[in-house]
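Have a look at the structure below before the remarks.
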Ligand code: HEM
């Protein structure tokens, strides 16, 4: 009987999350970005959510940089997004972004708590969180970047799209190949691999739920989206309404 070839860590992750990737890709919020119906007012709130999530990932990653498995896939110079998100928040909110950009989505709180928990109790699982976010940003994120540039009429600089610019990586395809090679060289057993795949599915589910929060927020607003971005007073109404939606739930 022929021996059954076991999948590499990367192939296990990729096939393990295929269904969730499709769901994330086809969600209403993702599609609203791709179709250009998302406004700067909505996108900046989304960035405020991502800010908390990436701060949690990057803090947990830094704490575990010497960890025997996670440390093998730790590429802070190439990956880190917090600085880029700060640049984008300043672009969309202005100089007072630190006071104005506040996470409000219930999913963000749960997602951040989970990242912190695995950072403390099982750092190998941080590999799944980094894979889902950074590799996604490098892959489909490139298409999202071009859509935003077109729909928000952004110039050719990084203004408003710094989040998607990995300026420490010369060739994304080569980097991905190198990264997956490092991932595949990690020594974990079948149970740990199963746990890693389950964590990647969980990370995808947090992202899908966050998109749902964002979509609920747009739906409950019942304001014509086109008017929000061009009128600062509506932007304020939009933000306050978002706050009240989630503080009452
Ligand atoms: C419009 C939305 C999206 C599009 C068009 C898209 C598209 C793609 C494409 C074309 C690839 C394959 C790239 C390659 O083979 O080099 C990819 C990979 C990936 N995407 Fe997405 N994606 C989207 C949303 C997302 C979201 C929301 C996430 C997670 C939050 C995500 C996570 C990933 C990951 C982790 C990979 C790496 C797969 C691997 O090679 O192992 N994607 N995406």
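A short reminder: the numbers here are calculations on the coordinates, not readings from a lab. Computed from a predicted structure; not experimentally measured. Don't worry about glycine lacking a Cβ; one is built from the backbone with ideal geometry, like all the others, and counts go over all protein chains shown.
Structural remarks
- Computed from Cα positions, the angle between helix 106-121 and the longest principal axis of the chain comes to roughly 30 degrees.
- Taking the centroid of alpha carbons for each part, the stretch 95-162 and the stretch 67-85 are 13 Å apart.
- Note on residue 157 and residue 174: the extension gain reaches 3.7 nm, defined as 0.36 nm multiplied by sequence separation minus the Cα-Cα distance.
- Dimensions of the stretch 83-134 based on its C-alpha atoms, expressed as ranges along the principal axes with the largest first, amount to 38, 22, 16 Å.
- Theoretical FRET efficiency, 1/(1+(r/R0)^6), r = Cβ-Cβ of residue 100 and residue 68, R0 51 Å, to 0.05: 0.80
- When the P(r) is computed for the stretch 56-96, the part past 15 Å accounts for 50% of the Cα-Cα pairs.
- Across the chain, the relative contact order, built from alpha-carbon pairs under 8 Å that are at least six residues apart, equals 34 percent.
- Between 0 and 90°, nearest 10: helix 232-247 axis offset from the chain longest Cα axis: 50 degrees
- Per principal axis, descending, Cα span of the stretch 7-82 in whole Å: 44, 31, 16
- Per the Debye calculation on the stretch 2-45 with a single equal scatterer at every Cα and no solvent contribution, log₁₀ I(q)/I(0) for q = 0.18 Å⁻¹ amounts to -0.66.
- Think of it as helices only: each DSSP H run of n ≥ 4 in the chain is worth -39500 (n - 2.57), and spread over all residues that comes to -21000 deg cm²/dmol at 222 nm.
- Values of log10 I(q)/I(0), in the order q = 0.10, 0.19 Å⁻¹, for the stretch 74-181 under a Debye, Cα-only, solvent-free model: -0.35, -1.18
- Taking label positions 7 Å along the Cα-Cβ direction at both residue 185 and residue 167, the computed distance is 3.0 nm, reported to one decimal.
- Diffusion constant of the chain at 20 °C, which comes from Stokes-Einstein with the Kirkwood Cα-pair radius and 1.002 mPa s, µm²/s: 113 µm²/s
- When each of 138, 149 is scored by the number of other beta-carbon atoms lying within 10 Å, the sequence from fewest to most is 149, 138.
- Gaussian network model of the chain, springs between alpha carbon atoms under 10 Å - residue of 12, 32, 156 with greatest fluctuation: 156
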